[in-house]
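Below: one structure, written as structure tokens.
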There are 4 protein chains.
Amino acid sequence: MKTRVTVWNEYRHEKLHEEIRKVYPQGIHAVLKEFLSKENDFTVRTATLDDPEHGLTEAVLAETDVLLWWGHMAHLEVSDAVVERVYQRVLDGMGLIVLHSGHASKIFKKLCGSNSQQLKWRELGEKERIWVIEPTHPIADGLPEFIEIPQEEMYGEVFGIPTPETLLFISWFEGGEVFRSGCCYTRGLGKVFYFRPGHEAFPVYRQSDIQRVIVNAVRWAKPANGPKPTKGNYPPLEPIGDGRTSLHPELHKNKA
Amino acid sequence: MKTRVTVWNEYRHEKLHEEIRKVYPQGIHAVLKEFLSKENDFTVRTATLDDPEHGLTEAVLAETDVLLWWGHMAHLEVSDAVVERVYQRVLDGMGLIVLHSGHASKIFKKLCGSNSQQLKWRELGEKERIWVIEPTHPIADGLPEFIEIPQEEMYGEVFGIPTPETLLFISWFEGGEVFRSGCCYTRGLGKVFYFRPGHEAFPVYRQSDIQRVIVNAVRWAKPANGPKPTKGNYPPLEPIGDGRTSLHPELHKNKA
Amino acid sequence: MKTRVTVWNEYRHEKLHEEIRKVYPQGIHAVLKEFLSKENDFTVRTATLDDPEHGLTEAVLAETDVLLWWGHMAHLEVSDAVVERVYQRVLDGMGLIVLHSGHASKIFKKLCGSNSQQLKWRELGEKERIWVIEPTHPIADGLPEFIEIPQEEMYGEVFGIPTPETLLFISWFEGGEVFRSGCCYTRGLGKVFYFRPGHEAFPVYRQSDIQRVIVNAVRWAKPANGPKPTKGNYPPLEPIGDGRTSLHPELHKNKA
Amino acid sequence: MKTRVTVWNEYRHEKLHEEIRKVYPQGIHAVLKEFLSKENDFTVRTATLDDPEHGLTEAVLAETDVLLWWGHMAHLEVSDAVVERVYQRVLDGMGLIVLHSGHASKIFKKLCGSNSQQLKWRELGEKERIWVIEPTHPIADGLPEFIEIPQEEMYGEVFGIPTPETLLFISWFEGGEVFRSGCCYTRGLGKVFYFRPGHEAFPVYRQSDIQRVIVNAVRWAKPANGPKPTKGNYPPLEPIGDGRTSLHPELHKNKA
């Protein structure tokens, strides 16, 4: 069965700013969809902020194995209801790939449990070099030792994320900073990958190595086929000492 | 300077249920305060759900280095405003120690970024044995190899938490389950420790080794004296190639 | 291309002790080979301690993607040269799956960098229940919430391993102990998985869920296709301030 | 009780090369000892390669709480017996702080269990900037956001270490590389900290922030007062089903 990918893009810069439209004439999501669609094991659709329910209806999410998220200038316009919906789907197993300024999105902050919005930034179009520090990870498949981006926005530490379960990439910036640019998390049954590059003003998502990372991340993040954990009141698997029963069951009726 | 500890207790079971009142006549918080107050480097106060603002006013939190949290039957009565206030204080450096059924509190779920409410449970008053698996951690100071609790509520895996940064304790239960019972996290500048034991129906917080864990955890969780990370638009530390300036500064006025 | 698996077994208990021979008449390696060979993407061979060079010649290792290791009573008979050879192959990318009492093997201790030999044990044939605590990991694919083994040797904490990069399984034992039974590591370009069960006196490797874990672990541990890190004296990628050259190159000729 | 620190220095460059002697006239160990001795809670001694038993006799190690290790050009001259002795002391609880080119020492490689010798290097005396990414860790106490070193040897990724339990520092280098410069590990009961800076040709250990890191690391690495794990044949804490006894005790006489 194919992995069903939904590319979500805020899609505002491209409509509002001519210089951005030159870089991504049909929107960032169009470029992401284009290269993802070349993979035989993926089916890809897109959704944007201005679609009804931001394009992320229950039906769409139910048919999504991995969701990509690009947002920047309109994080606060994303409805809490949709954020909650995406959140529950991640906990239930959907993969989520958060790109670039998606670090400050409601959904990533909610999944981090910390102020992932906090970082340094600078928009001078300087050089970035992304070093791979975990070369055996599936997301590093087929990559060179580093990926060079001629012009990018700088993001600098301290990045207010929880320590990643796996830190894959560290970025070097021309202006003197470093950044944790590839970060893996698990939340419930869902996998989450944060990938730093992709400022709207530069054609970063047209670089083949960047595309490779995103393709690999989709394969890594797709839902697993492991045990579905049960929860709630659970009968003992072994006999309890003296055959006790609950001491005050009336107190715990609604506990889960 | 002394570490300023605030013990927060929901304080409902003890008022509503006579059998619980027998175990903790003045409330769980009173017992926690009592043994914490014996430490010369701590000052301790308490706060409960039914106090104004749940006893967690801006002023109280501003004077709190480490907050303990015990809640169970009334998680949903904790106001979102107070949860947000505690959350910000944790990100700013206050330590938080979440006890037992605090796993399902609003504040712990918010800090986890996942469904920490999910677990198995059973209330038969069975035996628990807490094994120390990281004996060099500060929270294991002075402990034996394991702590035995004669009667406890069972909590069983899968526990819906993010993988702990450090897993200190694993519990064995008489009925056949295991549980990650001592879990360390960092969130922003704050340290968070989840410690499983402490069902209201059993005098668990009167056991000296359990008290030792909580005292150690307060010392571990108190605010650090490290660098305060700066954020936002950051001038380059090194010269950028051709002396470029921002490509479209007007787009980024409110970015943080 | 198929994954080339080599199953290494000490193969002494089965030859020396009739009761063990009843459980594994052709040796533990034969049973491991049998179920692994049913996977279409694997090719499987075996090697044992009493083979020349323990069956682990340079040629065999060069053709091995994943090595399984079962040893117990004769760890010290494994030659240091072969251990070094296996060690280098792991650093170069070969996967290694260490089974049961292989915890005390020379190769696992060398890869751990600590006294992985340290643990508690007891051989009463008691019940073990292996709980899956990371249900989304590839090694948990297709598993139930727990695997029950009717009779096993007990291994108890503290297990003298480095904290696993990923802790997959926690065992519950009838006699009152817990154990970290599924532990993932990366060493150089190689992946290492320790899997606890498999005492020679019980037919543990005939249980389908145990087989499933081992099959999954082979797929997880096979060599990755990531960047091959370079090392040694490295020319600058960016101009250094004043065009400096080495201050005392003669001191560093042999450094790597 | 004071923390007993032993500073071990290879002490060859300073004797052999006049330019190095200008930087550290009495040896690197003398400078390390000098600033460590200013801490009221430390007592400090030194030892060097050319002392009998490299100055690390059983008696000296028995009186050492934390050992610092600086070596570079003569790693292979360190006797295996002394390495084994240090290794056992670390597993028993002694802290170890490995400085700069100590990454390639026998002792660090043995404790890593991997090829920590592997990295890129370049000796042009370029600028290094060490960013603190875990500001709440005890080793970051009192530090600024970054430490700048005007001239240093470059070390670049991939560094062949196991993923650190805690990654504290990431270095930026003028020539375009990054490096994991502050790495925490636990091995047995001992804590290990790798700290990158300190090439012999530059007065790095005279910088106050670098000194602060090392002082903090000594406090962090000193032996803990946790449980001493027991091992070996362990009687059951709970009754086993049918009162079984060992199935073949004769096979397990020497097992530990």
Counting only DSSP beta bridges fully inside chain A, the antiparallel percentage to nearest 5 is 55 percent
Taking H placed 1.01 Å from N in the peptide plane, check which residues at least 5 places from residue A:156 or on another chain put their amide H under 5 Å from its amide H.
A:120, A:121
For segment B:78-87, in order, what is each residue's ³J(HN,Hα) by Karplus, 6.51 cos²θ - 1.76 cosθ + 1.60 with θ = phi - 60°, in whole Hz (x at glycine and Pro)?
6, 6, 4, 5, 5, 4, 4, 5, 5, 4
Would you mind listing the distances between the residue C:207 label point and the same position in each other copy? Use 7 Å along Cα-to-C-beta, nm, one decimal, shortest first.
2.8, 4.9, 5.5
Low-density loop GluC sites (Glu not before Pro), segment B:24-109, at most 14 other Cβ within 10 Å, DSSP non-H/G/I/E/B, are B:63
Which residues does the label zone of residue D:219 cover in segment D:143-184, counting backbone N under 12 Å from a point 7 Å along Cα→Cβ?
D:143
In this structure, the FRET efficiency calculated for residue B:53 and residue A:2 from their beta-carbon separation, with R0 = 51 Å, to the nearest 0.05, is 0.45
For a quick check of your reading of the filter: which GluC sites (Glu not before Pro) in segment B:128-226 sit in a DSSP loop and have no more than 13 other Cβ atoms within 10 Å?
none
Let me know the charge dipole size of the protein assembly as shown about its Cα centre in debye, to the nearest 20, where only the beta-carbon of Lys, Arg (+1) and Asp, Glu (-1) is charged.
0 debye
Quick one: which residues, 5+ away or cross-chain, put their amide H under 5 Å from the amide H of residue D:56? H built at 1.01 Å from N.
none
Quick query: amide H of residue A:190 versus all other amide H atoms, modeled in the peptide plane; which residues come in under 5 Å with a sequence gap of 5 or more or a different chain?
A:93
For the pair residue D:208/residue D:30, report the inter-label distance in nm, with labels modelled 7 Å from Cα in the Cβ direction.
2.4 nm
In segment A:4-111, what trypsin sites (Lys or Arg not before Pro) fall in a loop by DSSP, with at most 15 other Cβ atoms inside 10 Å?
A:38
What residue in chain D has the Cβ closest to the axis turning D into C, and how close is it in whole Å?
D:113, 2
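What is the percent carbon and sulfur in the accessible area of chain B, measuring with a 1.4 Å probe over the protein chains and ignoring ligands? Intermediate results must be reported in sequence, preceding the final value.
Working: 4330 of 8610 Å².
Here it works out to 50 percent.
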Computed from the beta carbon distance with a Förster radius of 45 Å, FRET efficiency for residue A:22 and residue C:45 to the nearest 0.05 stands at 0.15
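I'd like the antiparallel share, as a percent to the nearest 5, of DSSP beta bridges with both residues in segment C:53-150.
Antiparallel: roughly 45 percent of the beta bridges in segment C:53-150.
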Label distances, nm, residue A:235 versus same residue in remaining copies, Cβ-directed 7 Å point:
3.5, 7.2, 7.4
Rounded to the nearest 0.05, what FRET efficiency do residue B:79 and residue A:79 give with R0 = 22 Å and r taken as the Cβ-Cβ distance? Could you check?
0.45
Per the helix-only calculation at 222 nm, which mean residue ellipticity applies to the protein assembly as shown, given -39500 (n - 2.57) for every DSSP H run of n ≥ 4 and division by its residues, nearest 500 deg cm²/dmol?
-6000 deg cm²/dmol
Here the correct list, in nm and shortest first, of distances from residue D:59 to the same site in the other copies, label points 7 Å along Cα→Cβ, is 5.6, 6.4, 8.5
Mean 1/r over distinct Cα pairs of chain A, inverted to a Kirkwood Rh in Å, yields 19.5 Å
Could you compute Rg(Cα) / (2.2 N^0.38 Å) for segment D:76-216, with N its residue count?
1.02
I want the antiparallel fraction of DSSP beta bridges within the protein assembly as shown, as a percent rounded to 5.
50 percent
For residue C:120, go through the lysines and keep the ones whose alpha-carbon is under 17 Å away, minus same-chain ones fewer than eight residues off.
C:109, D:228, D:231, D:253, D:255
Using alpha-carbon positions, what is the distance between the centroids of segment D:184-244 and segment B:143-213, in Å?
23 Å
Stokes-Einstein D (µm²/s) once Rh is taken as the Kirkwood radius of segment C:1-82 over alpha-carbon pairs, at 25 °C in 0.890 mPa s:
185 µm²/s
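The values are calculated or read from the model by the stated rules, or taken from the named source; none is laboratory data. This one's a predicted model, so the numbers in the text were calculated from it and none came from an experiment. With ideal geometry, Cβ positions are generated from the backbone for all residues, glycine too; neighbour counts draw on all protein chains shown. All accessible areas refer to the heavy atoms of the entire protein, side chains included, with ligands and DNA or RNA removed. Shrake-Rupley method; radii C 1.70, N 1.55, O 1.52, S 1.80 Å.
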